[in-house]
1. Against the longest principal axis of the chain, how steep is helix 110-120, in degrees 0 to 90 to the nearest 10, with axes from Cα atoms?
2. Measure nothing fancy, just the Cα-based angle from helix 304-315's long axis to the longest principal axis of the chain, in degrees from 0 to 90, nearest 10.
3. State the Cα centre-to-centre distance between the stretch 265-280 and the stretch 286-348 in whole Å.
4. Using 0.36 nm per residue of separation minus the Cα-Cα distance, give me the extension gain between Leu336 and Thr237 in nm, one decimal.
5. Cα to Cα, under 18 Å, and not fewer than 8 places away if on the same chain: which lysines meet these conditions relative to Lys335?
6. What are the semi-axes of the equivalent ellipsoid of the chain, taken as the square roots of 5 times the eigenvalues of the Cα gyration tensor, listed largest first and rounded to whole Å?
7. Of Leu197, Phe301, Gly183, which is farthest along the charge dipole of the chain in the positive direction, counting Lys and Arg as +1 and Asp and Glu as -1 at C-beta?
8. Return the calculated 222 nm mean residue ellipticity for the chain, to the nearest 500 deg cm²/dmol, obtained by summing -39500 (n - 2.57) across DSSP H runs with n ≥ 4 and dividing by the residue count.
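Read-outs: derived from the displayed coordinates by stated rules, not from any lab. These numbers come from a predicted model, not from an experiment. FYI the Cβ positions are ideal-geometry reconstructions off the backbone, even for glycines, and counts take in every protein chain you see.
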Amino acid sequence: MAVVPEQQALTPSLRPLCSVCIANYNGESMLADCLDSVFRQSGDVALEVIVHDDASTDASLATLARYPEVIVLASRENVGFCIANNRMVERARGEYILLLNNDAALYPDALKTLLRAAARQTSQGILTLPQYDWQTGVLVDRGCLLDPFYNPVPNLDPQREDVAMVIGACLFLSRHLWINLGGFPEWMESIAEDMYLCCGARLRGAPIQVTSSSGYRHRQGASFSGDRDASELLQTTFRRRRLSERNKTAVMVVCTPSVLVGPLLALHILALSIEGLVMSILRKDKRIWLTIYASAMQSIFRHASELRDRRAALQMKRKVGLRTYFRVFVWIPQKLHLLRRHGIPLVR
C-alpha cells in the first residue's frame, strides 16, 4: 500500500471510543470547517481523527499539518473513496466509526447524539444525522428510502426513524459491524458504496436509522461533482453518472432478495436504455449513451458471474423476509419526480 508514514495523534495510548474517518482529495478549502466541527464536539467524547489524503494536488497536507492531533494517511496515488475509507477503518482503534465527508461539518452535539442512539439500538446497526444544506440550512434528508430501481429518495418525515440507507457523507456504525460486513467493496470506486453497505446490513437484520435531533451541514456535491445550480438544473459529470448507474444496478443484482431480482433487473435495463437514448437525443450528444448507459450495462453483464457469486454469499446470511426488506422502499421512480422538478440533467 503506497501510503506515506502517518502523522501521529497527540495521545496514542488513549483508546478512543469513536474514530472519525475523513476521506480527502483536494479539500484544502473545506478541511478546516470539517475538522473544527469535530474538535468542537460537546460531551467529552474520547475520539481519534483519521484523514486519508488521496494524493491531493492542492495544499491539503499543509492544512492538515496545522492539526497535529490528526492521524494523516497520505497516499502517493489516487485510490478513490472506497479504498480510502477501508484503509482508515483498518487503522482505526475506536469502538465506533464515523465516516465523514471533507465537505461536511457536524453540529456540536452530533457525536453525543449518535452514541446515545447506538446505545438504544437492540442490535448493532448503521446510523446517520439529519442533513442540512450548507448555504441555506434547509433540511436535505433524514436518511433515504429507495425506489424500485435503487435510486435514493430523501426522507423528510420527522416521525420516520428506520430508513433504507444513509449516505457516506455521515455514516456511523460499530467497527465490529463494519468488519462483519466487509467494509466498502473496492471495485465500486465511488458512488452507491453506502447503499451496498446499508442493504447488506438490512439483509442481516441490522437497523438503518436516523437520529431525531442534531445534524450536520453538507456542501452537496462539493467532494465529487454533482449538484443543482442556481436555476435548479441538475448537473453531473460523465464519470459520476456512469458509476452511479453501474453501481446501483450492481446493488440491485446482489441485494434484492428472492425471485424478484430477475424481473426487476429486466425492467431496470429497459428503463435505463430508454433513458439513455432519450437523453442522448435531447442533448444531441451520443457520448451520454456510449460513456454512461452502454458502458454501465456492459460492465454489469461482463461481471455477471462475479455478481452472482457475491449475491449467493450475501443472501446466505439473509435474516429478513421480502416484506421487511422492501418496507423502506417507495414505488414511484425517483427519476420521474426529479424530471418534473428539474428537467433533463446537464452532463459535463
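1. 70 degrees
2. Roughly 60 degrees, rounded to the nearest 10.
3. Using only Cα atoms, the two centres lie 11 Å from each other.
4. 33.7 nm
5. Partners within reach: Lys248.
6. 31, 23, 20
7. Phe301
8. Theoretical 222 nm ellipticity from helices: -11500 deg cm²/dmol.
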